[in-house]
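A quick write-up on the structure given underneath.
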2 protein chains.
Amino acid sequence: MGETVSHAWVLKRRPQGRISREDYEWVETRLSEPGPDQVLVRTIYLSLDPTNRIWASDMDQYMPPVELGEVMRGGTLGVVEASGHADFSPGDIVQGIWGWQSHYLAEGGDGLTKMPVMPGVPLDAYMSVLGATGMTAYFGFLDIGKPQPGETVVVSAAAGAVGSIVGQIAKIQGCRAVGIAGSDDKCRHLIDDLGFDAAINYKTADLDASLAEACPDGVDIYFENTGGSITDAVFKRLNLHARVPLCGLISHYNEFDGVTGVRGPNNYQQVLMKRVLIKGFIIIDYFPQFPQGIGEMAGWLAEGRIKYRTDIVDGLENAVEAVNRLFDGANTGKLLVRCSAEP
Amino acid sequence: MGETVSHAWVLKRRPQGRISREDYEWVETRLSEPGPDQVLVRTIYLSLDPTNRIWASDMDQYMPPVELGEVMRGGTLGVVEASGHADFSPGDIVQGIWGWQSHYLAEGGDGLTKMPVMPGVPLDAYMSVLGATGMTAYFGFLDIGKPQPGETVVVSAAAGAVGSIVGQIAKIQGCRAVGIAGSDDKCRHLIDDLGFDAAINYKTADLDASLAEACPDGVDIYFENTGGSITDAVFKRLNLHARVPLCGLISHYNEFDGVTGVRGPNNYQQVLMKRVLIKGFIIIDYFPQFPQGIGEMAGWLAEGRIKYRTDIVDGLENAVEAVNRLFDGANTGKLLVRCSAEP
């Protein structure tokens, strides 16, 4: 097969504010055929996630920041094109975090997980509801939120990849699900397609009044994706012994410059008065429990009790522009880049 | 015995900022001899606590606010002077929260708990280390903090009634104890008398540099009493899976006007990055477990492993001025008002 031309986005400088084209360099490399124990993978899907903005900053964070000159980090799914490794064969579907590149030459199969592809499940599902995104919703909500039937659950960024799954699991658990999202279309989608009980467009609504109406019995679980003024408003309505799984603070990520910290919620006195539990989590802490979570989620998916939506951008060359869709509120569901066709 | 003259501080208006003399009215009443099922108690000790400022505000809080025209709420210990109730006899030592008044006529013994006074234990211990204060330290630190030997514990308001006990329990658990307090004298007291490993005077030190020096391995447990800039600095140094028992936010209490919320910590992104647990608590949630906690604390006290200090102000008439000592940083240890002599 000879040489393979690979393209990659390499981090050139730390973003200030919004991620821009100038923060990255589009690099072409030539990969030789895989030698012994090497595996050549072609990227099919690249996952774009709010945490990309964290990785691009040098803020103190949960993994080492991406270094300048490195290929940008990102969750990936691909297909083995050629292999010198006994455990991998051409056509195998593999997952990893080899990042924003069209091809990856893995030494000794490092960082590749072979996917047991289930019949009837499309590949993008493994990058959303049955991948890290779905598991973030599953473990954050169930393990930290500990929902009880009849409780009220509020989710911010509810039309996003994680939030949309959280609300649906809340319904499965017998809770009232209230979503906060950034457009009337998203709010309609939450109620009409995903079964949320109520949805609030934070860009146009009076948040205090809308939350009072949508949560007449207060808020027992606030699944936190955003921080900022949404959180300030929700905190006012937290019930005694409320739980706040802290999954993200996306409204602040574009401030990340390695120096400026994120301001905590106003109405923080509620944590004391209402004996609230706030717990930050990162999905990597739950990796060992993935088989159980994916198993239950796949069951709900098969029963039609969980729906998911992917927002697919074609072409790795469009990744930099596409990632800002997460911060502009432009996407609904899981944002993916299709780098090449499914086999 | 005839009539008893009782004095009380009645809440006249909601404090704005610091509690002032004009917020309260000094009221004299005459109590008749106790009739059937009534118990007349003379107050010996009144507990002054930061939460008094919360109760005096009409902010949404964990108990109903004290109403205007009501006797100010407060933890109390007293002696039965006369009784028409079969369960109470003159000379019995009783505890309750009958508030800022010199005498209390209890209907049916309501709100009175008879104290099983232990030999050799002075009465003020029941209002500090063996009372709600000591139990706040005990349950907040052990139940939420879940200390492990070798971990680093930072305590704010460390020379206060709760903080000084937390640091000593941290040492008993094999932790490194670092206290933050507001004077060099307090810092010396923490290290020399109470066995803290390090102490920082937040009024004069460079907090970031001092914390870095005092906590070379980061912070595993931050026992939160203050909020504000101390918290902002500690949050920067939180370790992976750090725990933050949230006991108080005293630096903000004088802002409580029923409208303005407390700002949360800066560097709140750490909750996510380090997967931090923050849990607010109020000691009333632990009432059922008091016997176990008091038992263990009394053992430590008898062994000399826990020391406590009371800061006693004489005269109920001085209570209003005295409560501000808590916010001025003027007290060390448990602040009490001695309303009348011990029997």
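Just so it is clear, none of the values below were taken in a lab; they were calculated from the coordinates. Keep in mind it's a predicted model, so treat the numbers as computed, not measured. In this analysis, Cβ positions are derived from the backbone assuming ideal geometry, glycine residues included, and neighbour counts consider all displayed protein chains.
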Over chain A, what is the relative contact order in percent, taking alpha-carbon pairs closer than 8 angstrom and at least six residues apart?
19
By counting other Cβ atoms within 10 Å of each Cβ, how are A:M63, A:M297 ranked from fewest to most?
A:M63, A:M297
Could you size up the charge dipole of region B:24-161 around its Cα centre, putting +1 on the beta carbon of Lys and Arg and -1 on that of Asp and Glu, and report it in debye to the nearest 20?
440
What distance in nm lies between label points placed 7 Å from Cα along the C-beta direction at A:S340 and B:D208?
4.7
Return the loop-located GluC sites (Glu not before Pro) in region B:279-343 (DSSP other than H, G, I, E, B) with at most 11 other Cβ atoms within 10 Å of their own Cβ; answer none if there are none.
B:E303
Within chain B, what is the number of lysine pairs with alpha carbons under 17 Å apart, leaving out pairs fewer than eight places apart on the same chain?
9
Residue by residue through A:277-289, how many Cβ atoms from other chains fall within 10 Å of the Cβ on average?
4
Could you give, in nm with one decimal, how far B:P90 is from each other copy of that position, shortest first, with labels 7 Å out from Cα toward Cβ?
10.5
Would you kindly work out, in nm and rounded to one decimal, the distances from the label point of A:A209 to those of the same position in each other copy, ordered shortest first, with label points 7 Å along Cα-to-Cβ?
5.3
Rg/Rh for the protein assembly as shown to two decimals, with Rh computed the Kirkwood way over all alpha-carbon pairs.
1.06
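Which ordering of B:I165, B:I200, B:I97, B:I250 is given by a fewest-first count of other beta-carbon atoms within 10 Å?
Neighbour counts put them in this order, fewest first: B:I97, B:I250, B:I200, B:I165.
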For chain B, size of Cβ-based charge dipole, Lys and Arg +1, Asp and Glu -1, in debye:
1000
Calculate for chain B the 222 nm mean residue ellipticity that helices alone would give, adding -39,500 (n - 2.57) per DSSP H run of length 4 or more and normalising by residue count, nearest 500 deg cm²/dmol.
-5500 deg cm²/dmol
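Using a simple charge model, +1 on the beta-carbon of Lys and Arg, -1 on the beta-carbon of Asp and Glu, nothing else, what dipole does region A:132-302 show about its Cα centre, in debye to the nearest 20?
Dipole of region A:132-302, to the nearest 20 debye: 380 debye.
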Least to most buried among B:I284, B:I230 (fewest other Cβ within 10 Å first):
B:I284, B:I230
19 Å cut-off, amide nitrogen to a point 7 angstrom out along B:D257 Cα→Cβ, residues in region B:5-49
B:12-24
Nearest residue to the symmetry axis between A and B, taken on chain A by its Cβ, in whole Å
A:G264, 1
q = 0.10, 0.11, 0.13 Å⁻¹, region A:185-293: log10 I(q)/I(0) [Debye, one scatterer per Cα]
-0.35, -0.43, -0.60
Can you list, shortest first and in nm, the gaps between the label point of A:E342 and those of its counterparts in the other copies, using a point 7 Å from Cα in the C-beta direction?
7.9
